[in-house]
Amino acid sequence: MTSPWWQDAVFYQIYPRSFCDTTGNGVGDLVGIRRKLDSLVELGVDALWLSPIYPSPMADHGYDVADYCDVDPLFGSLDDLDQLVADAHDRDLRVVLDWVPCHTSEAHPWFVEARCSRDSPKRDWYIFWEGSPEVPPNDWRSTFPMGKALPGSAWTWDEISGAWYYHRFTPQQPDLNWANADLREAMHDTLRFWFDRGVDGFRIDVVQHLGKDPSLVTVDGHGSIFGDQPGPTDPQRSHEYIRELRRVFDSNRDGPKLAVGEVYVLDVQGAASFVGRGPQGDELHLGFNFLPLFLPWKAAEWRAHLALVEEAYGARQAWPTWAFGSHDIARQRTRLGSGARARAMAVLLLGLRGTPFLYAGEELGLEDAHVPPEQAQDPAGFRDGCRAPIPWDDGPGFGWAVDEAWLPWPPDAANLNAATQRQDPDSVLSLYRRLLAARRASPALRQGEQALSRHESAIESDVVAWERRAGADVRWVAVNFSDESRRFVPATGEGWVVAVASDGLGEGAPYQGELAPSQAVILEPAASATG
Ligand code: NOJ
């Protein structure tokens, strides 16, 4: 049985606001994405995931959707989207959109109708609580802002509704009630709308929160604790709705579409529980696992995590994913505090078994922008830095149609822009291109089995290493987590050549058994090396 395309693809996440502006309003747009398709082909990725492009008041920069079946004029039009999908497909690039099913914007016509009338059928599409305006139903907190001040209540009193409504995120994002079958059907229709326009699938926002048990909304404030905050989330119902969704994705008339879930559950077994199951699987095709984003840069922690992922996903015959950056977390170089480590992380991302998701700008080795408080945009309060605009060249406005974009430029954009890095074989961009080419050329790296090295020298050292194998095709991947050099010898085979090195050192030459400080390598058998 051939594996589905998404198991063989490298995804590239585009945050449209920050990608490329062609109109001069300082916000990226769909025409800008179209213009960059050739450079993405050159980079070597296979599929694009676009963060939301729907009409939205932008309280959460598009994750507050006012219409699931259109494009916000800020980004362009439906025609632009159709053209983008057509142009991408002409280049063998797939396009996956972002679907935000747990909440709408307060400006969505469904919510406008629901809040205006207790008798409207839409009232039950949201979670209202008709109590006293003085006292919220309980003390559940919303997720945003995170990490700084105590987040606000997850309940907002609405004068128009004469009731409280529940919102896990900002007050402008009322949660939907998936227990209502009409709501579910209406949401399924929004998927079909885009399937018919040719999009290849969806990334599904915080999918673990789909299921809610309204009976958990009690005035004493004790709800299910699942994910980051107590709330009405009911995992069993989430599984049920996801199984129903899976049937919608699989029964598309032109063949199955991809469902990749943002499963924000910070334990590996829990995250895996939403993916696959059984040979064909009846839940998500793919799901994110966010734990690596929070792992310290230590060999022992990463080795244990890789083993856990193998076990948890293996037990379900589910295919893992790897995402080490996104629009929600500080960039790798900022998090790890070192360019060398961020380069090693690129080798990790593209050397592991599973579908990689590369966040736009990581291939340039960007750091977070410094955003002064008066320019802050993010309702959560900590995500502006990683959303800084992508610098394309070293001219004024770095290739954007405007000098100042909606957020400040990332540090050192004059050198880290794509055009400058393209000329430099030692740049981070050149490293990503070599890694993506190596992955494309090797069935072992794309699809092969993975065996973590249990070799004593590897276990005791700061090196995490694993073998990838598909039939006769074999590679070794080794990452030195130490800032000093370390010995490492693959446990199988002999006569290895450095196919790709995170610092470029020794590529094409026989591997000498030693990794430089913070170096990561892909090794190929000398016999098969193309040199
Ligand atoms: C997860 C998204 O990635 C994030 O950007 C958004 O703010 C929340 N979900 C709410 O939709």
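The values are calculated or read from the model by the stated rules, or taken from the named source; none is laboratory data. Because the structure is a prediction, the values reported are computed rather than measured. Backbone-built Cβ (ideal geometry, glycine too); neighbour counts: all protein chains shown. Side chains included, ligands, DNA and RNA excluded: accessible areas come from the protein's heavy atoms. Shrake-Rupley method; radii C 1.70, N 1.55, O 1.52, S 1.80 Å.
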Read phi for every residue in region 178-190 and hand back ³J(HN,Hα) as whole Hz from Karplus 6.51 cos²θ - 1.76 cosθ + 1.60, θ = phi - 60°, with x for Gly and Pro.
6, 5, 7, 5, 5, 4, 4, 5, 4, 5, 4, 4, 5
Amide H of V95: which non-local residues (sequence gap of 5 or more, or other chain) have their own amide H closer than 5 Å, using H built in the peptide plane?
L48, D200
Quick check on the chain: of the DSSP beta bridges with both residues there, what percent are antiparallel, nearest 5%?
60
Carbon and sulfur together cover what percent of the accessible area of region 388-531 at a 1.4 Å probe radius?
51
Report, in debye and to the nearest 20, how large the dipole of region 21-168 comes out about its Cα centre when Lys and Arg carry +1 and Asp and Glu carry -1 on their Cβ.
460
Pairs beyond 31 Å (Cα-Cα), from K36/K257; K212/K298; K36/K298
K212/K298; K36/K298
Shape call for region 424-484, from the Cα gyration tensor axes a ≥ b ≥ c (a/c under 1.5 means rounded, otherwise prolate when a/b beats b/c, else oblate), comes out oblate
Which shape class applies to region 414-531: rounded if a/c is under 1.5, otherwise prolate when a/b exceeds b/c and oblate if not, where a ≥ b ≥ c are the square roots of the Cα gyration tensor eigenvalues?
oblate
Surface per residue (accessible, 1.4 Å probe) for the chain, Å²:
37
Dipole in debye (nearest 20) - region 375-422, about Cα centre, beta carbon charges: Lys, Arg +1; Asp, Glu -1:
180
Debye calculation, C-alpha points only, no solvent: report log10 I(q)/I(0) for region 248-354 at q = 0.14 Å⁻¹, in the same order as the q values.
-0.60
Of the DSSP beta bridges with both residues in region 1-156, give the percent that are antiparallel, rounding to the nearest 5.
10
The chain: longest stretch without exposed GluC sites (Glu not before Pro) (DSSP loop, at most 14 other Cβ within 10 Å), sites themselves excluded?
160-403
The chain, Kirkwood Rh and Cα Rg, ratio Rg/Rh at 0.97
Using the crude model of +1 on Lys and Arg Cβ and -1 on Asp and Glu Cβ, and no other charge, please compute the dipole size for the chain relative to its Cα centre, in debye to 20.
1340
Assign one of three labels to region 40-130, namely rounded, prolate or oblate, based on the Cα gyration tensor with a ≥ b ≥ c the square roots of its eigenvalues; rounded applies when a/c is under 1.5, prolate when it is not and a/b is larger than b/c, and oblate otherwise.
prolate
Which cross-chain or sequence-distant (5 or more) residues have an amide H under 5 Å from the amide H of E283, H modelled 1.01 Å from N in plane?
G276
With the dipole of the chain worked out from charges on the C-beta (+1 for Lys and Arg, -1 for Asp and Glu) around the Cα centre, which of Q236, P396, G513 lies farthest toward the positive end?
G513
Whole-percent carbon and sulfur share, accessible surface of region 20-129, 1.4 Å:
46
Just to confirm the number: angle between the C-alpha axis of helix 428-441 and the first principal axis of the chain, 0 to 90 degrees, nearest 10?
80
Selection of chymotrypsin sites (Phe, Trp or Tyr not before Pro), region 56-110, meeting DSSP coil and at most 11 other Cβ within 10 Å
none
